[in-house]
1. Pick out, from the range A:23-80, the strands (runs of 3 or more DSSP E) lying fully within it that include 1 or more residues that are within 10 Å of chain B (Cβ to nearest Cβ) and within 14 Å of the chain's Cα centre (by Cα).
2. Could you please find all residues in the range B:88-114 being facing chain A (nearest Cβ under 8 Å) and either in a loop (DSSP other than H, G, I, E, B) or touching a Leu at 6+ places or on another chain (Cβ under 6 Å) (or both)?
3. Of the residues A:86, A:79, which is of a type in the set (A, V, I, L, M), farther than 25 Å from residue B:100 by Cα and at pLDDT 90 or above?
4. Find the residue count for the range B:64-87, including only residues that are out of contact with any Lys or Arg (no Cβ under 8 Å at 6 or more places or on another chain), part of a loop (DSSP other than H, G, I, E, B) and free of Cβ contacts under 8 Å to residues at least 60 places away in the same chain.
5. Please tell me if residue A:34 is open to solvent by less than 20 Å² (accessible area, probe 1.4 Å) and farther than 22 Å from residue B:35 by Cα.
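The values are calculated or read from the model by the stated rules, or taken from the named source; none is laboratory data. Remember, it's a predicted structure, so these values are computed and weren't measured experimentally. Every residue, glycine among them, receives a Cβ derived from its backbone with ideal geometry; neighbour counts consider all protein chains shown. The area values use the complete protein model at the heavy-atom level, side chains included, leaving out ligands, DNA and RNA. Shrake-Rupley method; radii C 1.70, N 1.55, O 1.52, S 1.80 Å.
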Amino acid sequence: GESVGLHLPTLSVQEGDNSIINCAYSNSASDYFIWYKQESGKGPQFIIDIRSNMDKRQGQRVTVLLNKTVKHLSLQIAATQPGDSAVYFCAEGTNFGNEKLTFGTGTRLTIIP
Amino acid sequence: EPEVTQTPSHQVTQMGQEVILRCVPISNHLYFYWYRQILGQKVEFLVSFYNNEISEKSEIFDDQFSVERPDGSNFTLKIRSTKLEDSAMYFCASSEQDRPGELFFGEGSRLTVL
């Protein structure tokens, strides 16, 4: 039979605005967190990562925030562009260097021109 | 820019048949992985491979699955006797020694089991 897909949270943002995508992770032992972007028909693409000894990390137009107290991770994308439209997954891992990553459900981000 | 390449892009097979999915990781990478994604669902870890042996595997990776690095460039996933529920997109990934957590994924091989 046909697989029933998960209902993805969606977020629509006007081009040029900032977006924030949130993720709740499950394992308090996780010490490594990554955001991936997946465009239709493609594999996940690494965006940014953060270790558990940090609470903020910045990249080019992206910032990841980690709140270990409430097991929450967020990805901020500044000045969004049409090419940012994709599904964004957070992933968590333990034992850095042996990457059995657990992926979240994903959020579909749509940039409105 | 170096990339992970996977073949075939799509394979259709009959239930019970053996399938081999092939991957060429990025050349200086030392950690290799297979993940899969059933249509519309989460990406799921299958197996990680380092120093010519499996370093970790998930409960999905049962006796029907095996991985091999037959030479210095290829990394393969074999499913011995496919089941309907093996239908999914299979992603190969690799990472380098200095940044083992930064996985580079291929574009995937779609497996359809009839």
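1. A:32-38, A:45-51
2. B:93, B:95, B:100, B:101, B:102, B:103, B:106, B:107, B:108
3. A:79
4. Count: 6.
5. No; evaluated as a whole, the condition is false for this residue.
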